[in-house]
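Below: one structure, written as structure tokens.
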């Protein structure tokens, strides 16, 4: 494991903070009855999510240079991620992870990996049209998939139309 004792301790505190924040966020979603997709499928261990981890940051990080510098410093020093790209309109930062070995497709610090690595692809499921990485074994599924699919099947739609709707509405 590449992370030393101190870095593992810092990551443990950061992970606890991440989990608490995420738990509060998801509780608010449930209480507001916000539509969130559920996770279907299984991990295929393709490691595509490790090739170029991406994070959506708050707009204040993009607008305030000191906040941006601190955010990028944290990603580099603590997570071992170096910035490779950015979508300024969406506030998404794309990184290269120093812990990922492309030859073996493994993480050398898997036990102390950061929260976003542990939570992929659940964070993506909050988007209006979640798109997972090509080849990923997971898929978004509508929480109302079974009744919606039954209703569509009862309508007697042509098979190609039914198949397209099932895919586009995440009813698989």
Quiz item: What is the one condition in (1) under 14 Å from the mean Cα position of the chain (by Cα); (2) without any contact (Cβ under 8 Å) to a residue 60 or more places away in the chain that residue 149 does not satisfy?
Solution: (1)
Exercise. Exactly one condition in (1) surrounded by fewer than 18 Cβ atoms within 10 Å (Cβ to Cβ); (2) touching a strand residue (DSSP E or B) at 6+ places or on another chain (Cβ under 7 Å); (3) touching a residue at least 60 places away in the same chain (Cβ under 8 Å) is not met by residue 94; state its number.
Key: (3)
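Yes/no per residue for (1) surrounded by 11 or more Cβ atoms within 10 Å (Cβ to Cβ); (2) under 14 Å from the mean Cα position of the chain (by Cα); (3) under 19 Å from residue 77 (Cβ atoms):
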{"position": "21", "(1), (2), (3)": "yes, no, no"}
{"position": "32", "(1), (2), (3)": "no, no, no"}
{"position": "46", "(1), (2), (3)": "yes, no, no"}
{"position": "55", "(1), (2), (3)": "yes, yes, yes"}
{"position": "66", "(1), (2), (3)": "no, no, yes"}
Quiz item: Given the conditions (1) within 30 Å of residue 143 (Cα to Cα); (2) in contact (Cβ under 8 Å) with a residue 40 or more places away in the chain, and given that residue 89 satisfies all but one, which numbered condition is not satisfied?
Solution: (2)
Practice problem: Give the residues of the range 111-126 that are under 18 Å from residue 74 (Cα atoms) and assigned to a helix (DSSP H, G or I), sorted by residue number. | Solution: 112, 115, 116, 117, 118
Quiz item: Can you tell me which residues in the range 130-172 are in a loop (DSSP other than H, G, I, E, B), over 17 Å from residue 41 (Cβ atoms) and modelled with pLDDT under 90?
Solution: 144, 155, 156, 157
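The values are calculated or read from the model by the stated rules, or taken from the named source; none is laboratory data. Remember, predicted model here, so these are calculated numbers, not experimental data. Neighbour counts are summed over all protein chains in view; Cβ atoms, including those assigned to glycine, are modelled from backbone coordinates with ideal geometry.
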